[in-house]
Amino acid sequence: MQMANLIPVAKSVGANRMVPTISIPYPLGDPATSKEQQFKLRYHRVGVALDALTTDIQEQTVFKVKI
């Protein structure tokens with residue numbers, strides 16, 4: 001499982017479960033936003049990553065994020 005903002009690179013190196021992140025220097029946050037918004041971003045993406053780990057898959061899968 002990989003959390004990455006460069007999904008094509010993650011696919012090319014063989015990651016089987018991928019969760020999109022926000023940016024290279026701040027994968028799970030955005031310092032330009034409020035602390036509350038950053039918490040929501042992190043909480044949501046880590047939740048998606050945990051769901052990805054428990055999901056049975058047969059091929060490379062990119063899990064959707066809503067925030």
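The values are calculated or read from the model by the stated rules, or taken from the named source; none is laboratory data. Nothing here was measured: the structure is a model prediction, and the numbers come from that model. In this analysis, Cβ positions are derived from the backbone assuming ideal geometry, glycine residues included, and neighbour counts consider all displayed protein chains.
Points to keep in mind about this one:
- Test: residue in region 30-42 that is surrounded by 10 or more Cβ atoms within 10 Å (Cβ to Cβ) and part of a loop (DSSP other than H, G, I, E, B): yes
- Selection of region 10-29 for residues being surrounded by 12 or more Cβ atoms within 10 Å (Cβ to Cβ) and either touching a Cys at 6+ places or on another chain (Cβ under 6 Å) or of a type in the set (A, V, I, L, M, F, W, C) (or both) yields Ala10, Ala15, Met18, Val19, Ile22, Leu28.
- Any hit, region 43-56, residues being in a loop (DSSP other than H, G, I, E, B), loosely packed, with under 12 Cβ neighbours inside 10 Å and either of a type in the set (A, V, I, L, M, F, W, C) or touching a helix residue (DSSP H, G or I) at 6+ places or on another chain (Cβ under 7 Å) (or both): no
- Applying the criterion of being of a type in the set (D, E, K, R) and at pLDDT 95 or above to the residues of region 9-33, the residue that is nearest to the chain's Cα centre (by Cα) is Arg17.
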